[in-house]
Amino acid sequence: MKNKKLFTYGILFTILIASISYILAQLPLFSSIGALAIAIIISMIYRNTLGYPELLSDGITFVSKKLLRVAIILYGLKLNLYTIATDGLWLLVGGVFVILFSVFLLMFINKLLKGNEDIALLLGFGTGICGAAAIGAVSSIIKSDEEDTAISIGLISLVGTFFALIYTFLYPVVSMTDTVYGMWVGISLHEIAQVVLAGGVSDDSLAYALLAKLSRVFLLVPVSFALMYIWSKRNNSTNDRQKVNFPYFLIGFLLLAVVNTFIDIPSNVSSIVDEIAKFFMIMAMVGLGLNVSFKTLFNKAKAPMVSLLVTSSLLSIITYFVLILF
């Protein structure tokens, strides 16, 4: 009974910090930062001032692992496979380029700087696909520790928000139509929330931004399966018999995408599910942030952050000129 109570208290603890983060994210001063980054920052501050709440660890671990995967599954309801196949097919090709470019360039720069490889790999896929959701999916395949996952999500949330704000300032001066600007936003920014922030300058730009972004989100499934195969081969070639986990939650992600494609789900239901997914993701960020020490953060994050900034900058510049010229 005591363990069940502590397990429940651990979940309630993450709900409390997630709620505070969600409320803060609605305020003008913090709205541009986003609830995910706020949750990680608050939980890191808690861990490094008051210590890790060991008695509540079972509930916190459940949230950081299980609820993160549930949130990723619920993201599937954002996808309409028919729309992507008809209107966004060429964006899928562009998305493949973005993923390959992001992963290989970020890993290359990080290697030159002698940074943490797992964080760089997570950031590469987070940049190329869909931020925190992609990092959560990839981390379960490569079995990165929770500290590396939290650092990666924190970095991509902060850097992605920074770029989204830059895009909104650039909108009046770039020589783009609203539709092309929207595609630029959707093909190059990290998180869906950041795409909405930067792409919301007009209805047309937001529609094309979300189409481009969701085309990249769709690639989470095939990319994850490809990575699982590569990682399994890598382990065999290095005589590492560690089993690669099959990402079963991605099947749920794909099934919900199929449901959303063939069943007309009421908009109010979709909105509720979307809010639940967001809140589960915020709760998961609390659990992950509690595993990060500032000392380790400063030691591990410097090289990956520089790599992320350079890669994101080049990705923005290259995709801008490709869209302008072609």
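Here are a few things to note about the model shown:
- Put a dot 7 Å past the Cα of LEU29, heading toward its Cβ, do the same for THR296, and the two dots end up 3.1 nm apart.
- Rounded to the nearest 20 debye, dipole of the range 112-175 from Cβ charges on Lys, Arg, Asp, Glu: 260
- Gain on full stretching of the segment that runs from SER267 to ASN236 - 0.36 nm per residue minus C-alpha separation: 6.5 nm
- Reciprocal mean inverse distance between Cα atoms of the range 1-120 - Kirkwood radius, Å: 18.0
- Links that overshoot a 26 Å alpha carbon limit, given the list LYS5/LYS66; LYS78/LYS295; LYS66/LYS111: LYS78/LYS295; LYS66/LYS111
- On full extension, the segment bounded by ASP145 and TYR229 gains 28.2 nm, given 0.36 nm per residue less the C-alpha separation.
- √(5λ) per eigenvalue of the Cα gyration tensor, the range 84-158, largest first, Å: 23, 15, 9
- Helical segments meeting 30 Å axial Cα length and Kyte-Doolittle -0.5 threshold in the chain (DSSP H): 2-25, 89-112, 146-170, 267-289, 294-325
- For the chain, averaging the sequence separation of C-alpha pairs within contact (under 8 Å, six or more residues apart) and dividing by the residue count gives a relative contact order of 33 percent.
- Two-site label geometry, PHE321 and LEU12: point separation in nm, points 7 Å out along Cα→Cβ: 5.8
- Cross-link partners of LYS4 among aspartates and glutamates (Cα-Cα below 19 Å; sequence separation of 8 or more within a chain): GLU54, ASP58
- Taking the Cα atoms of the range 113-272, the ratio Rg/Rh between the radius of gyration and the Kirkwood radius comes to 1.03.
- In the chain, a dipole from Cβ-located charges (positive for Lys and Arg, negative for Asp and Glu) runs towards its positive end, and of PHE253, SER43, VAL217 it is SER43 whose Cα lies farthest in that direction.
- Which of VAL273, VAL258 has the fewest Cβ neighbours within 10 Å, and the rest in rising order: VAL258, VAL273
- D (Stokes-Einstein, µm²/s), Kirkwood Cα radius, the range 261-326, 0.890 mPa s at 25 °C: 152
- Overall, the range 136-277 carries a charge dipole of about 680 debye about its Cα centre when +1 sits on the Cβ of Lys and Arg and -1 on the Cβ of Asp and Glu, all other atoms neutral.
- Inter-part distance where the range 69-107 and the range 13-55 are each reduced to a Cα centre, Å: 28
- Between the range 201-216 and the range 262-312, the alpha-carbon centres lie 20 Å apart.
- Taking only the Cα atoms of the range 14-72, the radius of gyration and Dmax are 12.3, 36 Å.
- Sorted by Cβ neighbour density within 10 Å, fewest at the top, the residues PHE108, PHE326: PHE326, PHE108
- Cα→Cβ-extended label distance, 7 Å offset, between PHE162 and ASN245, nm: 3.0
- Contour excess over end-to-end distance, with Cα ends at LEU309 and LEU170 and 0.36 nm allotted per residue: 48.3 nm
- For VAL185, VAL196, VAL322, the sequence from fewest to most other C-beta atoms within 10 Å is VAL322, VAL196, VAL185.
- Pairwise inverse Cα distances across the range 138-225, averaged and inverted, put the Kirkwood hydrodynamic radius at 13.8 Å.
Every number here is computed from the coordinates shown, using simple stated rules; none is lab data. The structure displayed is predicted, hence computed values, not measured ones. Every residue, glycine as well, gets a Cβ built from its backbone with ideal geometry; the counts of neighbours run over all protein chains shown.
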